[in-house]
Amino acid sequence: MLNKSIMDGDNPDLTEERMKGAFDTDKMAAVIYGSEKFAIRRREITESISRIPQLADSKPFSFMTREEKISESCRKLSVLSEHWNQLIDTNNEEEALHLYREVLGLEGHAFSLHETMFIPSLVAQANDEQQEKWLGRAKRREIIGCYAQTEMGHGTNLRALETTATYYPSTQEFILHTPTETALKWWPGALGKSSNYAVVVADLVIRDTHYGAHPFMVQLRDEKTHNPLPGITVGDIGPKMAFNGADNGFLGFNQYKLPRDHMLMRHSRVEENGTYTKPPHAKIGYSSMVKVRSRMAMDQGLFMVSALVIAVRYSAVRRQGFLDDKSREVKVLDYQTQQHRLFPSIARAYAFIFCGFETIQLYDQLLIDVKNGDTSGMSDLHALTSGLKSVVTHQTGEGIEQARMACGGHGYSMASYISEIYGVAIGGCTYEGENMVMLLQLARYLVKSVELVKTGKSKELGPMMNYLAEPDTQIDLTSGPEAYVKVFQHAARRQVWKATDKFHQLMESGQSRDIAWNNSAVELTRASRLHTRLYIMETFIRRVSSISDVSIKKVLIDLVNVHVNYEVLDIGTYALEHVSSTQLDSIRSQLYSSLDTLRPNAVSLIDSFQISDMQLRSVLGRRDGHVYTNLFEWAKASPLNQTHVLPSVNQYLKPMMDKAKL
Ligand SMILES: CCCCCCCC/C=C\CCCCCCCCCCCC(=O)SCCNC(=O)CCNC(=O)[C@H](O)C(C)(C)COP(=O)(O)OP(=O)(O)OC[C@H]1O[C@@H](n2cnc3c(N)ncnc32)[C@H](O)[C@@H]1OP(=O)(O)O
Ligand SMILES: Cc1cc2nc3c(=O)[nH]c(=O)nc-3n(C[C@H](O)[C@H](O)[C@H](O)COP(=O)(O)OP(=O)(O)OC[C@H]3O[C@@H](n4cnc5c(N)ncnc54)[C@H](O)[C@@H]3O)c2cc1C
């Protein structure tokens, strides 16, 4: 059996799809998750979780109020705490994240920021003594932490953060203070009600000199009573578009005293007498953000996959309309429009995850390098992850929304759960740096790269930038996926040079650097997107080329073909400067035939991600495909259906109707 999801009693339409799969889904899972070992561990963890009934949702999540969701996730966390060591290797971040995803889903919880930013901040920013003091406690979850940087008035522009940490040599203390309402910390996940500690980012002030954003370890609540400590105002910022299982919070300080050794001092220091030592790289304090951004291609890829698992499985059991055979309605997955809606997103999801593995490894290596005093890789990774974060979040949002529409009316129901996935995923367009702003960060790097080429210093170009120095060449589209890479290289190079030239010309015409930059910004963001999409395509092709298993490689090449054809058509206006409209027509035909080729493997491709029903929380996406019976059961579970007549009917509608009858 190649598709390992086949089970007796499943919807026969799904079983039929799984029988068609031409590759082993366990082997594909090993490729997706980077190793057979981790793919097996994922399955083992999922299996072990299923044997602990208290870890299941106590009722359908979509019917819970916000308070119930928060309480439910805390209940599960307390159950988890009894099983942690049996379930996972607690030193393995990927195992921990898998466990969190499986048990707690994606709506957020008390530890949302603890693993993703609080601990990473301590790892990257705290010195050895500080790690000794706090890291173990944090890892053992004796304390709960979050990352409090954004303020009500400033998130993007970190240099304008208003919260101050003023050092007084006489007492060897910092005084943390929130000078205005707009200086309230606003947004940090799990800050409002759950965390008792936070890494707080504040403007360091010593003897009236402002040294800018620095991280501090701050206790917010009493460890015994969980009450806020004197001088601290903290609470929840209220319901959000999604992610409502998390208590994103506000935080204010009223002359709050903090011992000197609570500034995280691995890279910059304040001595007892107030002498300041600056870090080896000005932006080293931003590393927790780079860490999360380096994860985002992977995490967003998985959000998109969740929506696609739902939409593809449902499309295989949903029958509506006819093709040739008029005796039986077709699976909607057979419509070309449905395939065009879903398959390019499957390809992107695979591509994002492959990129994600690369950037996570790059961050881990950078962390080691920085600890050894080498900060030279920081700019490259900052530029790469800034662009990648922006492109993947935007395309993931598009892909999830298409997946929702691909499910018709039922896609709009919370029974599909796609709207929640969408709401959580598109938060990523904003958090960790608003997308436009981060595209402009990459653009700075691209402009500098063109300047290097222009001044004959191409040898100094960073990784992935050499193509900017190469001349345009003839493109032979019959030479395989590499030809499509060439199209992207041509398009990206042209746009990067065009945007840079515009910026330079505006400065030469007398505009200041900042104004010229702003007046070139749309062109610059376009350059960043093309450059990033080129990187994604190259990584995808490189990863697939490295695979040795024949059946896996074959289907992934089919997926690459969908990807490259779709991507080139998607940048048609840029591509037309390098390929003819006749060539674009032929790419279009190739795309349609590549959709056809992929069709028999569609269900197996998404099954290979091995995302459990528990995590999916979707009636439409159930592994067994029994959608309709369960849709009815789900609706019956609605709190509105627990009584025949609602109190509001008796209170308002009935008297109103009765009055109308008089
Ligand atoms: C996401 C993880 C999820 C984990 C999944 C777990 C699975 C569980 C499943 C489901 C759970 C649900 C998932 C949801 C999880 C939600 C988590 C939410 C987490 C969100 C946390 C936050 O948002 S924290 C706050 C983030 N804030 C920002 O990102 C702010 C953005 N702004 C900035 O970063 C900076 O202000 C700026 C970079 C835009 C500008 O900085 P600055 O003004 O100081 O610099 P300049 O623009 O002048 O540039 C000068 C120079 O510096 C270079 N530079 C800037 N930054 C860096 C850097 N980091 N590294 C290296 N170099 C840098 C810049 O390029 C310039 O260089 P030049 O050479 O001069 O050009
Ligand atoms: C779900 C979620 C979770 C979050 N979790 C945390 C957390 O745990 N900790 C934390 O500290 N923060 C957190 N945040 C806050 C988040 O990091 C910020 O909201 C984000 O960095 C964007 O900043 P902003 O809100 O100031 O947006 P703004 O900068 O105000 O953006 C508004 C608009 O202005 C534009 N803009 C701003 N500056 C520029 C510029 N220089 N050039 C061009 N355009 C510009 C933007 O592109 C955007 O269109 C979270 C946010 C969300 C939504």
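Assorted remarks:
- Cα-centred dipole magnitude for the stretch 115-199, charges only on beta-carbon of K, R (+1) and D, E (-1), debye, nearest 20: 280
- Set of aspartates and glutamates near residue 331 by C-alpha distance (under 17 Å), chain-local residues within fewer than 8 positions excluded: 10, 13, 16, 17, 596, 624
- Positive end of the dipole of the chain (Cβ unit charges, origin at the Cα centre): among 123, 517, 530, the Cα lying farthest that way belongs to 517.
- Compactness ratio for the chain: Cα radius of gyration over 2.2 N^0.38 Å (N = residue count) comes to 1.03.
- Note on residue 193/residue 405: beta-carbon distance plugged into 1/(1 + (r/R0)^6) with R0 of 35 Å gives a FRET efficiency of 0.45.
- Each peptide in 41-51, 507-517, 312-322 gets a packing score, the mean of other Cβ atoms within 10 Å over its residues, and the list from highest to lowest is 312-322, 41-51, 507-517.
- Modelled this way, with points 7 Å down the Cα-to-C-beta line, the labels at residue 180 and residue 82 are 5.1 nm from one another.
- Selection from 372, 488, 449, by position along the positive dipole direction of the chain (Cβ): 488
- Counted by neighbouring Cβ atoms within 10 Å, the residues 111, 609 run from fewest to most as 609, 111.
- Sorted ascending by nearby beta carbons within 10 Å, beginning with the fewest, 32, 175 become 175, 32.
- Rounded to whole Å, the principal axis extents of the Cα atoms in the stretch 144-279 read 45, 36, 26, largest first.
- Charged-residue dipole, Cβ positions (Lys, Arg, Asp, Glu), the chain about Cα centre, Debye nearest 20: 640
- What the Cα convex hull of the stretch 50-97 gives, in volume per residue, is 90 Å³.
- Quick note on the stretch 230-352: its Rg to Rh ratio, both from C-alpha atoms and Rh being the Kirkwood radius, is 1.28.
- Ordering 572-581, 417-426 by mean Cβ neighbour count within 10 Å, with the highest value first, yields 417-426, 572-581.
- Shown for 174, 216, 38: other C-beta atoms within 10 Å of each C-beta, ranked fewest to most, produce the order 38, 216, 174.
- Descending semi-axes in Å of the stretch 270-332, equivalent ellipsoid built from Cα gyration tensor: 59, 8, 5
- Whole-Å distance, taken between Cα centres, linking the stretch 285-312 and the stretch 194-221: 28
- The ellipsoid equivalent to the alpha-carbon distribution of the stretch 444-523 has semi-axes of 27, 14, 10 angstrom, derived from the gyration tensor eigenvalues as √(5λ) and listed largest first.
- Calculated SAXS-style log₁₀ I(q)/I(0) at q = 0.27 Å⁻¹ - the stretch 337-401, Debye, Cα scatterers: -1.12
- Taking a straight line from the alpha carbon of residue 37, these aspartates and glutamates sit under 19 Å away, with near neighbours fewer than eight places off in the same chain left out: 24, 26, 47, 89, 93, 94, 95, 102, 358, 549, 607.
- Our estimate of slack between residue 93 and residue 651, defined as 0.36 nm per intervening residue step minus the Cα-Cα distance, is 195.5 nm.
- Packing around the peptides 368-374, 158-164, 528-534, taken as the average count of other Cβ atoms within 10 Å per residue, puts them in this order, highest first: 528-534, 158-164, 368-374.
- Projecting the Cα positions of 156, 252, 233 onto the charge dipole of the stretch 144-279 (unit charges on Cβ atoms of Lys, Arg, Asp and Glu, taken about the Cα centre) puts 156 furthest along the positive direction.
- The distance between label points at residue 374 and residue 474 comes to 4.3 nm (points 7 Å beyond Cα on the Cα→Cβ vector).
- Here's the list of lysines a cross-link from residue 326 could span, going by alpha-carbon distance under 30 Å and ignoring same-chain residues fewer than 8 apart: 20.
- Orientation-averaged projected area, Cα convex hull of the stretch 478-534 (nm²): 3.9
- Helical contribution to [θ] at 222 nm, DSSP H n ≥ 4, -39,500 (n - 2.57), averaged over the chain, rounded to 500: -17000 deg cm²/dmol
- For the stretch 81-154 versus the stretch 470-495, the gap between their alpha-carbon centres in whole angstrom: 43
- Applying 1/(1 + (r/R0)^6) with r as the Cβ-Cβ distance of residue 7 and residue 584 and R0 = 45 angstrom yields a FRET efficiency of 0.50.
- The simple spin-label model puts a point 7 Å past each Cα toward its Cβ; for residue 518 and residue 661 those points are separated by 6.6 nm.
No value in this document is a laboratory result; all are computed from the given coordinates. Bear in mind the structure is a predicted one, so any value in this text is a computation, not a measurement. Positions of Cβ are generated from backbone atoms using ideal geometry, with glycine treated the same way; all protein chains shown enter the neighbour counts.
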